[in-house]
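The values are calculated or read from the model by the stated rules, or taken from the named source; none is laboratory data. These numbers come from a predicted model, not from an experiment. We place every Cβ from the backbone using ideal geometry, glycine too, and count neighbours over all the protein chains shown.
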Amino acid sequence: MERNGQSTTARRLPAAHWLFATLRGVTLRALPAEPFKFLSAKEVDALTDKPGPGAKTAFPVDHESYYVEYATRTATGNVPEVHIHWTHYIQVLSGEASLTYGGTVSNAKETGPGQIRGDAIVGGTSMTVHAGDFLQIPAGMPHLFVATGPDTKFHYVVFNTRQ
């Protein structure tokens with residue numbers, strides 16, 4: 001039976017169930033989900049174990065609306081970053097770093113779509129982060145990591161979601 005263009009069954013379903021039933025046949029992603037993937041600890045270490053200063057990054061998972069990034073930073077060669085469309089969820093794996101976040105990026109330049117780099121962060125807040133710490137850096141927030149620990153290597157994994 002229909003009333004006002006809506007079936008009686010649809011009116012009785014809780015909103016979440018009705019939404020699920022309505023979207024059942026709708027594709028929510030343009031690309032399929034990532035398949036099962038395994039990397040040994042040795043393979044994960046090799047992703048970012050590269051010589052030289054600055055950030056060493058690798059992307060074992062790269063999807064249209066999320067990606068995973070492993071990174072190693074040293075005490076030199078790092079620049080402030082802003083990612084307009086991506087929120088970072090970061091788990092520090094090892095080492096220690098100074099994190100500066102917020103404020104504004106001086107001499108900012110767009111280095112890619114929605115990616116901004118610059119010379120320094122002005123007016124930001126600084127803190128020291130250690131192995132085991134968790135951070136959430138919202139899309140659009142300037143941030144800069146510089147390794148400060150005894151071995152001057154800072155390792156972390158980032159789960160990035162598109163905003």
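What the table shows:
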quantity	calculated
Residues of the range 66-87 satisfying the condition of being outside any strand (DSSP E or B) and among the hydroxyl-bearing types (Ser, Thr, Tyr)	Thr74, Thr76
Any pair with Cβ under 7 angstrom, 6 or more apart, that starts in the range 137-163 at a residue that is assigned to a loop (DSSP other than H, G, I, E, B) and ends at one that is of a type in the set (Asp, Glu)	Thr148/Glu96; Gly149/Glu96
Count - residues of the range 135-163 that are small (Gly, Ala, Ser) and under 14 Å from the mean Cα position of the chain (by Cα)	2
Filtered residues of the range 110-163 (kept if of a type in the set (Asp, Glu) and at pLDDT below 95)	Asp151
Residue check, Thr76 modelled with pLDDT of 60 or more, surrounded by 12 or more Cβ atoms within 10 Å (Cβ to Cβ) and hydroxyl-bearing (Ser, Thr, Tyr)	no
Test: residue in the range 96-110 that is surrounded by 14 or more Cβ atoms within 10 Å (Cβ to Cβ), in contact with a strand residue (DSSP E or B) (Cβ under 6 Å, 6 or more places away or on another chain), among the polar types (S, T, N, Q) and within 22 Å of Tyr156 (Cα to Cα)	yes
Residue that is surrounded by the most Cβ atoms within 10 Å (Cβ to Cβ), among those in the range 36-70 that are small (Gly, Ala, Ser) and in contact with a Lys or Arg (Cβ under 7 Å, 6 or more places away or on another chain)	Ala55
Where Tyr67 falls short, out of the listed (1) among the aromatic types (Phe, Trp, Tyr); (2) under 26 Å from Ala33 (Cα atoms); (3) modelled with pLDDT of 95 or more	(3)
